[in-house]
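This report refers to the structure that appears directly beneath it.
Derivation of every value follows stated rules applied to the coordinates shown; laboratory data play no part. Since the model is a prediction, treat every value here as computed from it, not as a measurement. As a convention, Cβ positions derive from the backbone with ideal geometry for all residues, glycine included, and neighbour counts pool all protein chains shown.
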Amino acid sequence: MGKTEEVYQTLLINILKGELRLGQRLIENDLINKYHVSKTPLREALFRLEKNNLVTRTPNRGFEVISLKKNDIEEIFDLREVLEGLSVQKICNNLTEENKLKLSQLIEIDKMRFYASTNNIKEYRKLDTHFHLSLCEMSQNQRLLDIIKNIHYQIRILLHSTIYFYDKKRIEISYTEHKKIYDTILLKKTDTAVKLIKEHIVNIKKAILMQL
């Protein structure tokens, strides 16, 4: 791993964990001292984060972690609704017995049920993200997957700034929605599966917006 990649991954993890907060200014000299890196790999990493819409750059202020306002959240989830609906459509249209097996291996639905029933928020959230990224991976469209990954990075940042998912009832509802999506895909009910994934994403958007 090169130095730029190492710095990028470190900054990315700290942003996703909420250690670098939404809207926080990223002062280059402070980061150089904190992470013991030179200016060039740090700036390269920051430019990469900017390209992935995780930091912004403004004159006279430099870089700062993105700020997600109500309009940003609506845009993120509207885009996600369209793209993940497309992923599900492509999966259903190309679903073979072999792909069914692969999907069942990628999406650990039984583990999701267990973590939902035991209210294990941390592990459930991991599998929730994995569920959606696995669907995009199964669509076999790399550009689509890359876009969705960047969107999910922004969502993870957002979840660290809200109380969304710290509610047992919401986790139970979430699992039920995921299970219905999964079962419907396996039955190749394309229109119903697309409808369910879109409704699920809309429900998440509404739950988050209510807490702002």
At 0.36 nm per residue, and after removing the present C-alpha to C-alpha distance, how many nm does the segment from LYS111 to ASN52 gain when stretched out fully? 18.2 nm
Expressed in nanometres to one decimal, the distance between label points 7 Å along Cα→Cβ at ASP183 and ARG25 is 5.4
Go through region 201-212 residue by residue and turn each phi into a ³J(HN,Hα) via Karplus (6.51, -1.76, 1.60, θ = phi - 60°); whole Hz please, and just put x for glycine and proline. 5, 4, 4, 5, 4, 4, 5, 6, 4, 5, 9, 7
On Cα atoms only, tilt of 142-159 relative to the major axis of the chain in degrees: 70
Label-point gap, in nm, between ASN71 and ASP191 - each point 7 angstrom along Cα→Cβ: 3.7
HN-Hα J in Hz across region 94-107 - Karplus 6.51, -1.76, 1.60, θ = phi - 60°, x for Gly and Pro: 10, 7, 10, 4, 5, 5, 4, 5, 5, 5, 5, 6, 6, 9
Applying the Karplus parametrisation 6.51 cos²θ - 1.76 cosθ + 1.60 with θ = phi - 60° to the phi angles of region 122-135, what ³J(HN,Hα) value in whole Hz is obtained for each residue in order, glycine and proline being reported as x? 4, 6, 5, 4, 4, 6, 4, 4, 4, 4, 6, 5, 5, 4
Using the beta-carbon distance between THR176 and ASN60 and R0 = 41 Å, what value does 1/(1 + (r/R0)^6) give for FRET efficiency, to the nearest 0.05? 0.25
Quick one: check the C-alpha center-to-center distance for region 70-86 versus region 187-206, whole angstrom. 13
Search the structure for amide H atoms under 5 Å from the amide H of VAL55, placed 1.01 Å from N in the peptide plane, and list their residues when 5 or more places away or on another chain. GLU50, ILE66
Springs between alpha-carbon pairs under 10 angstrom, Gaussian network model over the chain: which of LEU31, LEU22, LEU127 fluctuates most? LEU31
Springs between alpha-carbon pairs under 10 angstrom, Gaussian network model over the chain: which of ASN29, ASN93, ASN52 fluctuates most? ASN29
